[in-house]
1. State whether one or more residues within segment A:310-317 are open to solvent by 20 Å² or more (accessible area, probe 1.4 Å) and small (Gly, Ala, Ser).
2. Can you pull out the residues in segment A:298-309 that are open to solvent by 10 Å² or more (accessible area, probe 1.4 Å) and touching a residue at least 24 places away in the same chain (Cβ under 8 Å)?
3. Within segment A:323-348, track down each residue that is small (Gly, Ala, Ser) and surrounded by fewer than 23 Cβ atoms within 10 Å (Cβ to Cβ).
4. Going by the structure shown, is A:Ala402 modelled with pLDDT of 95 or more, within 14 Å of A:Leu312 (Cβ to Cβ) and surrounded by fewer than 17 Cβ atoms within 10 Å (Cβ to Cβ)?
5. Filtering segment A:125-174 down to residues that are over 27 Å from A:Trp486 (Cα atoms) and among the acidic types (Asp, Glu), which residue is least open to solvent (accessible area, probe 1.4 Å)?
6. Could you tell me which residue of segment A:481-527 is most open to solvent (accessible area, probe 1.4 Å), considering only residues that are touching a residue at least 40 places away in the same chain (Cβ under 8 Å) and basic (Lys, Arg)?
7. For segment A:89-124, what are the residues that are farther than 21 Å from A:Ala449 by Cβ and open to solvent by less than 10 Å² (accessible area, probe 1.4 Å)?
8. Are any residues in segment A:150-171 within 14 Å of chain B (Cβ to nearest Cβ) and part of a helix (DSSP H, G or I), and if so, which ones?
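The values are calculated or read from the model by the stated rules, or taken from the named source; none is laboratory data. None of these values were measured; they are calculated from a predicted model. Methodologically, a virtual Cβ is constructed for each residue, glycine included, from the backbone with ideal geometry; neighbour enumeration extends over all protein chains shown. What goes into the accessible areas is simple: the full protein's heavy atoms, side chains included, and nothing from ligands, DNA or RNA. Shrake-Rupley method; radii C 1.70, N 1.55, O 1.52, S 1.80 Å.
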Amino acid sequence: MRRRRRLALGVLAVTAMLTTSACANVGLEPAPAAPEGFIDEIRMPSEAGGSVQGLLNYNWLSPNATVQTWLFEPLMIRDRFTCEAVPWLATGYTWEGPDRFVLTLREGVEWSDGEPFTADDVVYTFLAGKEYPAADKAGLWGDFFGAPAESVTALDEHTVVFEFAGAAIPKTDAILQTTKILPEHIYADQGDPTLFVDEIGVGTGPFTPESYNGRRLVLERNENYWNADEVRVQRLSLEGQFDANSGALKLRSGALDLYRGDIPNPNRSVVAPDPENAHFFYPPDATTVLALNTERPVLDDPAFREAFAYALDRDALSQRASFGIMEPASQTMLLLPFQEQAVPEQWRGKEFIPYDPDRANEMLDAAGYARNADGQRVDADGRPLSFVFSVQAGWMDVIAMADVISRNAADVGVQVRMVTTDPNAIEGMQKAGDFDMTVDFVSGGCQRARDLGAKLQSSQISSDQELLLNRARYVNPEIDALIDEWTNTTDESRTAEIEGRIMDVFMTEFPYIALQYAPSRLIYRTNNAVGWPSDDNPYPVDQLIRLSHELRPPGEADADGED
Amino acid sequence: MTYYVRKTGYFLLTLWAAVTLNFIIPRLQPGDPAEIMVRQLNGQGEIDPAQVAAVKTMLGYSTDNVFVAYIDYLRQLASGDLGTSFTYFPYPVAEVIGQALPWTLVLVGLTQLLSFVLGTLLGAFAAWRRNSRFDATISVGSTFVGNLQSVWIGLIILFVFAYTLGWFPASGGYGYTTPGLTPLHIADVVSHGFLPALTLMVTAPIGFILSMRNTMVQVLGEDYIRLGAAAGLRQRTLALGYAARNALLPVVTGFALSLGVLMGGSILIETVFDYPGMGRLMGEATSNRDFPLMQAILLATIVIVLTANFIVDLLYPLIDPRARRAKA
């Protein structure tokens, strides 16, 4: 008996020794100190799409690019809040007529291998999309939103001209920020660029690859970057993919400086334990809306839809779905308060639909949906109003929204039943128009003809094959004509006029009911770096590369006066 | 002899059925791989049909004719070509699996083998000492733990050992070392594998414990055991040589079946620990509708399970004289 006990003790001791010696950071050497005024290292999760990370490929055209943000750069970045185009590889653009687009490139930019960046690289990148359609991420050569391109040519080293078969203004942002420019001197010899496995990663970006061990990618500041003075991060390390639980834990323990996943209630799980250093900024990125299938009876009645919009308690919804972090959204579908200046005069102060069940009840009475003996609203044939709300299984925030909405609906005598299904099945239902209500998003971008107009355009009603933008299946020939005109005009006053008319449709006909804003998430720590976007210094980060120019070592930003 | 012919026939037939189902089932799921991929690139919200069309061209899959696709699939299989992964385009499926498989083979393979040994021993001992305090603890404990979610156990282990105590790394298969047969890298891999292995070791033996205990309790009630006891056979001989040996048969079959997890891995546990094995890969392939990858993994799983069972079938007559006699 005694011998056995001693054996057990021995085992325990060995285990204890093993556990303490197998320390958590085998082989870790701390990042070497960066020069004064620089940040040593910023740690982020891996940007690769897949979890098998030994498969190195810097080619951004790959669905599993090892880096998506920091090596290759777009031409310009559209600031979602101000709608300005921020110069990047290009310093400016003009539409010389609706079918001719001229781009001026930045001078003095070099690829990280020392070759000069010229108009040829831009021309190569866009022409590759003509020859190999899979490389055409901007949809330049197709006829979706604007006429297809006919030619892309270099006027000189720093000027590129795009000629289109017709008006193509809606393609602006796709050219400017969807496409990232590839080095012609490396990619041109490789044939189809989507098949090219790029293991070197020569780019124009603020960082270049330093080391990769199949899991941890370390990027190093590019000394010869065109805006090197603004980049104060010496090293970026990207490693691992974390679900929300692990992401929150990593962030709390200080093992990550940035996490962008959906951590439920970040206030409590990340900020509360360390309010000094842990913060989050969830700027609005789009509007989460309730899409009503306007092809279905009763839902095809604008009076009903409007009444329904007043029946919804958006504050309660925001509390339940996002712990009150995301604000109730404007029915104009603009991102407020950032895009305030774009709200048409007549809707100022009225753009948020209040929660007013009494008013909703009055409107429903007026529209002829009387209550029966059981208190249910009935249609003209006396059948109780009952709708199915199709919800993506596992999307907790959407389920919470649907729950609030169905209770609000019950309060005004309308039955809304939540049915949860596989997210992909919901897409199938949206394609086929086989739903009453679903949750949808309206993009808060600045190309409003496309971001707002397309939500109402009848040519954007999905077919069985393609999932298009008009999920409410709204049809109005007058609006179709206006949107067509809008997409192709460069006349600013006419643009504003049409934009106002489109917002009238959202504000008075309610094919989509605005619920709350959808965030672009950013949860970060300020021990190693400051200058992250915040309420005091908001800037959109749908293009994460902006961070590289904004981050500063702690203690410096205050002195810097923030640029 | 007919026994072996029949078993081989069954094996081939199931294999064909499995291969065909493997083709059909992924396609019955809703969702278009190209749309899912674009959504992953752009985040939720809007997807641009132009981009979807571009990705479709890139992946080069045809949605139009299922029969043509089936024939292509069989032809590809026959030539040993597993296709190109959608998620890891342009890397071929074989290479993707080749990256993930070793991790799972070692992690899950070792824990599965250990679980089997540990589980059968504990189960046998519990049955031998049935109705003792040990038996009660083991049986109730296993049933209790078995009903907990392994993810939940994993999260607790992660929280305690990685974040609170900081003894082990929280995620990944390795950290800062360069892969290779160096002591440093091996220590790195071991320290990363410890927590997922621990999680698996909490849950995986339970099935073996319970099935071993229950069969053995039954066997212990048989007349020949009582006869053996009456004849004065040594306890150990009786327990291990007769009761445990005969109770082991169904547990061995269970073990053969459980080998399927070698390919599928444990999706949830690998996700919790960000472990780069087959489980994560399988989860990813499914959510991305990565047909070539999904099919290759499922196929390998099926082949492993079928083959393991086939081998067990072939070995059965050797272990169990009754099977031999019945077939003669």
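1. Yes, some residue in segment A:310-317 is open to solvent by 20 Å² or more (accessible area, probe 1.4 Å) and small (Gly, Ala, Ser).
2. Within segment A:298-309, A:Val298, A:Asp301, A:Pro302, A:Ala303, A:Glu306 meet the criteria.
3. Correct list: A:Gly324, A:Ala342.
4. The answer is no for A:Ala402.
5. A:Asp156
6. A:Arg521
7. Scanning segment A:89-124 gives A:Leu89, A:Ala90, A:Leu105, A:Val109, A:Trp111, A:Phe117, A:Ala119, A:Asp121, A:Val122.
8. A:Pro170, A:Lys171
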